[in-house]
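Let me begin by presenting the structure, written as structure tokens, before commenting on it.
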Amino acid sequence: MDAKTGARSFPLPSQIESVPGAGDWQSMYPYYSRFQPEDDGRFWFYNSMHFPEVMPAFDILTAEVPYTGLGAFTTRVFAFPTTLGVEFRVLNGRVYITANAVSDPGEIGRRLEIFQQRASHYYENWDRLYAEWRTRMDTLIRDISELRVPPLPEFDDLEVVLEARGIGQNHYLRENFHRAIEMFSKMWHYHFEFLMLGYGAYVVFFQFCKKAFPEISDQTISRMVAGVDTLMFRPDEELKKLARLAVECGVDDAFVEGADPKRTLAAVGARGEAGRRWLAAFEAARDPWFHMSTGDGFYHHHRSWNDDLSVPFAALPGYMQMVRRGESLARPTERLKAERGRIIGEYRELLGSDEERAAFDQMLGLCQVVFPFVEDHKFYCEHWFTTLFFDKIRQFGAVLCEQGVLEDGEDIFHLHYGEAEQALVDVMLAWAGGGKPHGARHWRPIIAERKRMLAALENWQAPPALGPIPESIEDPALQMLWGITNETLQTWSAPELVDEGELRGFAASPGIVEGVARVLRDVNDISQVRAGEILVCPVTAPSWGPVFTKIKAAVADIGGTMSHAAIVAREYGLPAVVGTGSATKRIRTGQRIRVDGDRGIVRVLD
């Protein structure tokens with residue numbers, strides 16, 4: 001309750017104090033990311049789906065740039081009728097967001113005319129435009145791969161003189177750093193070019209179903225588009241191929257759960273021709289399919305499978321056991337398609353006229369055309385490109401380390417990208433003048449202090465929301481993606497009313513199971529998951545696909561029925577409850593829990 005107005009409210013941004021030991025946390029982030037006095041009057045929620053951890057200084061780029069791209073397409077390019085863009089703020093290192101809605105009927109009508117013309121062009125030419133999109137993304141990925149981080153030798157290459165290039169190597173240090181940042185921005189614009197239209201088509205279908213079938217559940221609607229085959233499942237399919245090949249080659253006994261991947265690879269390599277055959281297939285699969293971030297592409301330290309093989313190697317022993325037992329490794333796609341057909345048929349028959357059935361068919365058909373992009377784009381953007389981008393930034397950090405500015409090349413991620421450019425200019429000037437850069441004296445104390453502040457901020461329990469509670473949440477996107485509803489806000493604002501032994505969320509994927517919980521708050525610990533456990537986490541990423549064949553069910557703090565966690569759980573045929581709000585705080589590893597994916601309830605049994 002707000003003491004001034006009497007309105008129901010979460011804590012106001014201005015009421016949140018800095019964390020002890022991190023009083024200067026704002027210095028890590030640019031001024032435009034900070035809460036302003038007028039922001040107290042608006043509702044904000046913690047975007048723990050995309051930013052479940054404290055943000056290092058460089059990584060704030062992954063909030064700045066995506067919201068720039070999202071807003072450009074919803075607000076300016078396609079002119080969505082009822083929504084503008086998303087604004088973000090940082091508080092004690094956590095990212096909060098709010099959506100700007102359009103409520104004036106006249107303005108909605110004006111924007112609707114613009115939207116219909118522009119969106120129709122994409123919907124009517126989806127396959128051709130999507131093929132062109134893939135070509136542009138392939139080009140962008142090639143460009144970031146080939147981007148050169150110039151060395152700074154004592155004397156420049158002789159070819160610079162013989163070919164009269166007229167440019168010294170230090171120029172490219174800044175130019176190519178700019179190019180990397182610009183390509184990252186371009187990627188996020190590509191990311192949202194199709195994505196919001198994909199969600200928009202589903203929202204229209206969702207609203208039609210809710211009106212036509214008042215008793216229908218969100219999960220039932222989502223199952224009408226289940227059984228899809230997207231690129232996000234391809235890395236896991238490659239692992240299954242490698243598991244089958246290992247058994248065929250007789251090298252599968254080298255794979256033991258929990259073993260060090262490097263030792264496993266060495267053991268396979270010692271198996272002669274059979275080992276070399278498997279290793280050749282392994283290397284062929286790594287590019288591009290192992291460019292999978294262990295997170296969702298928003299943090300530099302969420303390394304890819306290629307950088308940290310523990311995630312894929314945690315899945316291989318289980319897959320090999322299944323192959324030896326003659327069990328299928330396939331996802332239950334055909335069963336999901338059969339269920340999809342049954343559900344569609346049953347609800348279609350409930351419609352009262354041919355006109356309604358035609359509208360239903362048209363909207364569902366559009367959803368089935370556009371929906372694969374909702375998952376496919378993630379492999380290209382958040383995983384493949386972003387993995388290469390962060391690794392390229394590491395190369396710039398290595399230059400700063402070699403030149404004595406940074407103690408460790410990874411420390412570049414404790415500088416905002418504008419500060420990183422300053423450090424690079426320092427090196428450019430020193431190389432040109434024959435002197436030494438001054439950056440070590442300036443940046444190293446700042447970086448040490450930021451590391452200390454990040455450690456302090458990690459222990460802060462971020463409020464799920466800030467500001468006055470809206471009278472009602474009508475935005476279907478907030479419900480489907482983040483799981484934020486009127487009921488969610490009631491639970492968040494009155495935790496004393498919650499049953500300690502029960503958590504309620506969204507019924508994301510059907511089924512009821514009991515098992516032992518494995519609580520993971522850090523995606524880098526995913527290799528700890530053991531067969532038969534129930535995964536409890538802030539949010540799952542599509543890249544966790546391999547562990548979905550090991551676990552019995554999934555529970556997430558954040559997310560709605562169309563969140564990526566929900567989609568992945570359905571495609572693997574596992575019960576799942578998402579949007580619980582506090583599962584990782586109220587459940588401990590080792591406790592027995594029951595997951596009811598039909599009703600969206602998790603019960604602690606111990």
#### Entry: Cα centroid of region 8-31 to Cα centroid of region 316-371, whole Å
46 Å
### Task
Would you compute, from DSSP H runs of 4+ residues alone, the mean residue ellipticity of the chain at 222 nm, taking -39500 (n - 2.57) per run and dividing by the full residue count, rounded to the nearest 500?
-15000 deg cm²/dmol
## Note on the structure
With the dipole of region 223-322 defined by +1 on each Lys or Arg Cβ and -1 on each Asp or Glu Cβ, the option from ALA270, HIS301, ALA285 whose Cα lies farthest towards the positive pole is ALA270
#### Entry: Cβ-derived FRET efficiency at R0 30 Å, THR333 paired with ARG134, nearest 0.05
0.85
### Query
Quick one: Karplus J couplings for region 593-605, per residue in order, coefficients 6.51, -1.76, 1.60, θ = phi - 60°, nearest Hz, x for Gly and Pro?
9, 10, 10, 9, x, 7, 10, x, 10, 10, 10, 7, 8
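Please compute the per residue accessible area over the chain with all protein chains in place, 1.4 Å probe, rounded to a whole number of Å².
Numbers: 25810 Å² over 606 residues.
Roughly 43 Å² per residue, with all protein chains present.
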### Nitroxide proxy distance, nm - points 7 Å out along Cα→Cβ at GLU154 and GLU182
3.5 nm
### Message
For PHE506, what residues show an amide H to amide H distance below 5 Å, using hydrogens built from the backbone and excluding near sequence neighbours?
### Response
VAL578, GLY579, THR580
### HN-Hα J in Hz across region 389-398 - Karplus 6.51, -1.76, 1.60, θ = phi - 60°, x for Gly and Pro
4, 5, 5, 5, 4, 4, 5, 5, x, 5
### Hull volume in cubic angstrom per residue (convex hull over the Cα atoms of the chain)
187 Å³
### Query
Which far-off residues, 5 or more places away or on another chain, put their amide H under 5 Å from the one on ASP598, with H placed in the peptide plane?
GLY511
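Just the number, please: carbon plus sulfur as a percent of the accessible area of the chain, 1.4 Å probe, no ligands or DNA/RNA counted. Let's see the in-between values first.
On the way: 13150 of 25810 Å².
Taking all protein chains in place, the chain shows 51 percent carbon and sulfur surface.
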### Task
Anything over 32 Å Cα to Cα? Flag those among LYS337/LYS550; LYS392/LYS436; LYS186/LYS552, in the order listed.
LYS186/LYS552
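Is the shape of region 457-606 rounded, prolate or oblate, going by the alpha carbon gyration tensor and its root eigenvalues a ≥ b ≥ c, with a/c under 1.5 for rounded and a/b larger than b/c for prolate?
Details: a/c = 1.55, a/b = 1.40, b/c = 1.10.
Cα axes put region 457-606 in the prolate bin.
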## Note on the structure
Plugging the Cβ-Cβ distance of GLU113 and ASP24 into 1/(1 + (r/R0)^6) at R0 = 56 Å yields, to the nearest 0.05, a FRET efficiency of 0.70
### Task
Can you tell me the order of 164-171, 511-518 when each peptide is scored by its average per-residue count of other Cβ atoms within 10 angstrom, highest first?
511-518, 164-171
### Query
What percent antiparallel are the DSSP beta bridges of the chain, to the nearest 5?
75 percent
### Query
Got a sec to turn the phi values of region 201-217 into Karplus ³J(HN,Hα) couplings, 6.51 cos²θ - 1.76 cosθ + 1.60 with θ = phi - 60°, whole Hz, x for Gly and Pro?
4, 5, 4, 4, 5, 4, 5, 4, 5, 5, 7, 6, 10, x, 8, 5, 8
### Query
For region 1-93, what size does the Cα cloud have along each of its three principal axes, sorted from largest down, in whole Å?
43, 37, 23
### Query
Under a plain spin-label model, where a point goes 7 Å from the Cα along Cα-to-Cβ, how far apart in nm are ARG599 and GLU487?
1.1 nm
### Message
Using the crude model of +1 on Lys and Arg Cβ and -1 on Asp and Glu Cβ, and no other charge, please compute the dipole size for the chain relative to its Cα centre, in debye to 20.
### Response
980 debye
### Anisotropy class of region 1-157 from Cα gyration tensor, a/c 1.5 cut
oblate
### Most to least packed among 571-578, 27-34, 39-46 [average Cβ atoms within 10 Å]
571-578, 39-46, 27-34
### Query
Could you give the length gained on full extension between HIS121 and ARG286, defined as 0.36 nm per residue of separation minus the Cα-Cα distance, in nm?
55.7 nm
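Report the FRET efficiency, 1/(1 + (r/R0)^6), for ILE167 and ARG263, where r is their Cβ-Cβ distance and R0 is 45 Å, rounded to 0.05.
0.45
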### 5 angstrom amide H check on GLY85, placed H, neighbours 5+ away
ASN100
### Message
Can you give me the distance in nm between label points at ASP361 and GLU17, each placed 7 Å from the Cα along the Cα-to-Cβ direction?
### Response
6.5 nm
### Message
Let me test this: with uniform point scatterers at the alpha carbons of region 265-357, what is the Debye-based log₁₀ I(q)/I(0) at q = 0.13, 0.14, 0.22, 0.25 1/Å?
### Response
-0.72, -0.77, -1.18, -1.25
### Query
Which whole-number percent of Cα pairs in region 283-413 have a distance greater than 18 Å?
72 percent
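Per the Kirkwood definition applied to all pairs of different Cα atoms, how many angstroms is the hydrodynamic radius of region 419-467?
13.4 Å
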### Query
What is the spread of the Cα atoms of region 563-606 along each of their three principal axes, largest first, in whole Å?
29, 19, 16
### Query
Of the listed peptides 355-368, 324-337, 63-76, 525-538, what is their order by residue-averaged count of other C-beta atoms within 10 Å, with the highest listed first?
525-538, 63-76, 355-368, 324-337
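The values are calculated or read from the model by the stated rules, or taken from the named source; none is laboratory data. A quick note: this is a predicted structure, and the numbers were derived from the prediction, not measured. Cβ coordinates were reconstructed from backbone atoms using ideal geometry, including for glycine residues, and neighbour counts include every protein chain displayed. Quick note on the areas: whole protein, heavy atoms, side chains included, nothing else; ligands and nucleic acids left out. Shrake-Rupley method; radii C 1.70, N 1.55, O 1.52, S 1.80 Å.
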